[in-house]
1. Helix 170-187: angle to the longest alpha-carbon principal axis of the chain, degrees 0 to 90, nearest 10?
2. Is the shape of segment 187-243 rounded, prolate or oblate, going by the alpha carbon gyration tensor and its root eigenvalues a ≥ b ≥ c, with a/c under 1.5 for rounded and a/b larger than b/c for prolate?
3. Provide the packing ranking of 48-61, 89-102, i.e. peptides ordered by the mean count of other C-beta atoms within 10 Å per residue, highest first.
4. Projected onto the charge dipole of segment 152-243 (+1 at Lys/Arg Cβ, -1 at Asp/Glu Cβ, origin at the Cα centre), which of S169, V179, Y155 gives the Cα projection farthest towards the positive end?
5. So for segment 92-243, if I pair up every lysine 8 or more residues apart or on another chain, how many of those pairs have alpha-carbons under 16 Å apart?
6. Charges at C-beta only: +1 for Lys and Arg, -1 for Asp and Glu. How large is the resulting dipole of the chain about its Cα centre, in Debye rounded to 20?
7. Between H101 and K157, what is the label-to-label distance in nm when each label sits 7 Å out along the Cα-to-Cβ direction?
8. Test of understanding: what is the full-extension gain from A54 to S143, defined as 0.36 nm times their sequence separation minus their Cα-Cα distance?
Amino acid sequence: MTYCVGMMLDRGLVMMSDTRTNAGVDNISTFKKMFTWETPGERILTVMTAGNLATTQALVSLLDERTKAPEDREPSILSAPSMFQVARLVAKTLKDVIATHADEGQRADSAFNATVLLGGQIKGSEPRLFLIYPEGNFIEAGSETPFFQIGETKYGKPILVRAYDPQMSFEEAVKLMLVSFDSTVKANLSVGLPFDLQVIEKDTYKVAYQRRITADDPYYHEISTGWGEALKATLDGLPGFSF
């Protein structure tokens, strides 16, 4: 399994993904799940994937191949005129990959399914964030749904819901995401470090900041330890229950 989060802020986008892929407790590997394409000064596109590894790798390979020689391999996500059209291309490609690999009669409910988060900005429009389903349809983030999760979503969602603020800084958003990821890691062995982090600042059309956060990262260790201690202190400070 995996855990990925894409978050919309007034300042832009923050994206984070884990890297764990497993097919059982004795078969655990690390694979990158965040992929980015840039046209400097014109567009920045980032995809994060969850689901069957063969499906997600085929999807990313097809998208990337079409960007290398777009005149011969249309349609390309680097030539689509809007983020909506990019989302349509990614969704169609994902659906086609799943249909190609699935047995006859199976589609999105097959073992080859996958979901995708797509975020970015194309010049002339605002940053946008999409959640793309294996069936080939998708939804867009907005004021009522300002962040999306894929993979093991349930453990880290309450933290995001309680603390998210669209006006928060990138630094505050990264801290919030790390708490969400740490809580997920503590609750589910199928999610694990390292984490890939990316920040896309509005109207820059490039990656503003990216980093791989490992288990020995001092800041992550401080967040993980501090969050656990803060929870214990808060619990101790709440009124006691009596029979």
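1. Taking the Cα atoms of the chain, the angle to 170-187 is about 80 degrees.
2. Because a/c hits 1.5 or more and a/b exceeds b/c, segment 187-243 counts as prolate.
3. Ranking the peptides 48-61, 89-102 by packing returns 48-61, 89-102.
4. Result: Y155.
5. 6
6. It comes to approximately 100 debye.
7. With each label point 7 Å from Cα toward Cβ, the separation is 2.5 nm.
8. Here the answer is 28.6 nm.
Every read-out reported here was derived from the displayed coordinates using simple, explicitly stated rules and does not represent laboratory data. Everything quoted here is computed from the prediction, not taken from an experiment. Reconstructed Cβ throughout: ideal geometry from the backbone, glycine too, with neighbour counts over all protein chains shown.
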